[in-house]
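Just passing along the structure, written as structure tokens.
The values are calculated or read from the model by the stated rules, or taken from the named source; none is laboratory data. Bear in mind the structure is a predicted one, so any value in this text is a computation, not a measurement. Here the Cβ positions follow ideal geometry from the backbone for every residue, glycine too, while neighbour counts run over all protein chains shown. Quick note on the areas: whole protein, heavy atoms, side chains included, nothing else; ligands and nucleic acids left out. Shrake-Rupley method; radii C 1.70, N 1.55, O 1.52, S 1.80 Å.
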Amino acid sequence: MFTAAIFDMDGLLIDSERPIMAAWIEAARTLDIELSHAQYLQCVGLAMAESKQILAALLGGAAAYQHAAAQVTAALQLERADGDARPLFPIKPGAAELLMALRGRGIRCAVASSSGRGQIAACLGSLDVLHHFEAFAGGDEVARAKPDPALYLLAAERLGVDPAECVAFEDSENGAKAALAAGLRVVIVPDLKHPPAAIIERAFHVLDSLHEAVAHVPRWFPGQVMRT
């Protein structure tokens, strides 16, 4: 049915949304501002410029935003000063198993993430899954972020695959919109923020975790079982 898979990263392959949210809430407290989960969730799935605008308004202006952003960056640095070798953002349940199952059938995989290419490589490299991907499309490589289809079109182009032959794995509303606009079918695995019913209805499938996707691999990706 499909010959390739393109994955979002944050909230889909890696559990990054929770520590990022926690870091922003803590940074807001240093400004004597109680940033609630509900308020922060307004930013999930948005491009950086849109998130910055919302957070600046919630925190009291551009200067307060810059102060908080510096603290968040320090808290989330991938190379930790304390020498802790554990990855900052753990891999989501089922992600490694799904990537192995796709590799075993010769299915080509790519990442289409709003994060920059450097961050994609650092995050996935720290989790030892970078080698499963043939191509990457980062948010620093396109003029328009999700829900614009540019990231998915770039990822499919770099794989050399027609978007109609690809399935996208997404957790967010804007990510799903981007993939659909690019002509991909979409499997949604919600994370912190559940996409609205209008997007769920357009999805190829909705799963509770990537663990569930493993059982669908033989049917969704006929491919060719690789002999070892």
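Identify, among Ala49, Leu130, Leu98, the residue whose Cα sits farthest towards the positive end of the charge dipole of the stretch 1-145, taking +1 on the Cβ of Lys and Arg and -1 on the Cβ of Asp and Glu, with the dipole about the Cα centre.
Highest projection toward the positive end goes to Leu98.
Using unit Cβ charges (K, R positive; D, E negative) and no other charged atoms, how large, in debye to the nearest 20, is the dipole of the chain about its Cα centre?
Using Cβ point charges on Lys, Arg, Asp and Glu, the chain gives about 500 debye.
Next question. Compute the angle between helix 62-75 and the longest alpha-carbon principal axis of the chain, please, reported from 0 to 90 degrees and rounded to the nearest 10.
Approximately 60 degrees, to the nearest ten.
Right, next: Label Ser36 and Arg18 with points 7 Å out from Cα along Cα→Cβ: what is the distance between them in nm?
2.2 nm
Can you tell me, using C-alpha contacts under 8 Å and at least 6 residues apart, the relative contact order of the stretch 18-144 as a whole percent?
On the way: 104 pairs, mean separation 25.4, N = 127.
About 20 percent, as a whole number.
Dipole magnitude of the stretch 142-228 about its Cα centre, charges +1 at Lys/Arg Cβ and -1 at Asp/Glu Cβ only, in debye to the nearest 20? Could you put the intermediate results ahead of the total?
Values: 9 positive and 11 negative charges, 33 e Å.
My answer is approximately 160 debye.
Taking K and R as +1 and D and E as -1, what net charge do the other residues with C-beta under 13 Å from the C-beta of Arg18 add up to?
The answer is -4.
So what's the angle, to the nearest 10 degrees on a 0 to 90 scale, between helix 48-59 and the longest Cα principal axis of the chain?
Approximately 30 degrees, to the nearest ten.
Consider just the alpha-carbon atoms of the chain and return their Rg together with their Dmax, both in angstrom.
17.7, 59
Round to a whole number: what % of the accessible area of the stretch 135-211 belongs to carbon and sulfur, probe 1.4 Å?
The C+S portion of the solvent-accessible surface of the stretch 135-211 is 47 percent.
If you find the alpha carbon centre of the stretch 1-32 and of the stretch 120-163, how far apart are they in angstrom?
First find each Cα centre; the distance between them is then 16 Å.
Given the peptides 203-209, 53-59, arrange them by the average over their residues of other C-beta atoms within 10 Å, most packed first.
Taking the mean over residues of other Cβ atoms within 10 Å, the ranking is 53-59, 203-209.
Further question: Once a ≥ b ≥ c are taken as the square roots of the eigenvalues of the Cα gyration tensor of the stretch 8-73, is the result rounded (a/c under 1.5), prolate (a/b larger than b/c) or oblate (a/b not larger than b/c)?
prolate
Which FRET efficiency value, to the nearest 0.05, do you get for Ala198 and Glu157 by plugging their Cβ-Cβ distance into 1/(1 + (r/R0)^6) with R0 = 30 Å? Mind dumping the intermediate values first?
Details: r = 28 Å, r/R0 = 0.94.
Rounded to the nearest 0.05, the efficiency is 0.60.
If you stretched the chain out fully between Ala164 and Arg144, how much longer would it get, using 0.36 nm times the residue separation minus the C-alpha to C-alpha distance?
5.1 nm
Using Cα pairs under 8 angstrom and six or more residues apart, how large is the relative contact order of the chain, in percent?
28 percent.
Now for a different question. Taking the Cα centre of the stretch 1-44 as origin, work out the dipole magnitude from +1 charges on Lys and Arg Cβ and -1 charges on Asp and Glu Cβ, in debye rounded to 20.
Magnitude of the dipole: close to 40 debye.
When Lys and Arg each count +1 and Asp and Glu each count -1, what net charge do the other residues less than 10 Å away from Ile199, Cβ to Cβ, add up to? All intermediate terms of the calculation are to be shown ahead of the outcome.
Values: positive: Lys177, Arg202; negative: Glu170, Glu173, Glu201.
It works out to a net charge of -1.
Right, next: Quick check on the chain: helices-only [θ] at 222 nm, where DSSP H runs of length 4 and up contribute -39,500 (n - 2.57) each and the sum goes over total residues. Nearest 500, please.
When only DSSP H runs of four or more count, the value is -12500 deg cm²/dmol.
Could you tell me how many degrees, from 0 to 90 and to the nearest 10, lie between the Cα long axis of helix 117-126 and the main elongation axis, the longest principal axis, of the Cα atoms of the chain?
80 degrees
Tell me the net charge near Ala110. Cut-off is 9 Å between Cβ atoms, Ala110 excluded, with +1 for each Lys or Arg and -1 for each Asp or Glu.
With Lys, Arg at +1 and Asp, Glu at -1, the neighbours total +1.
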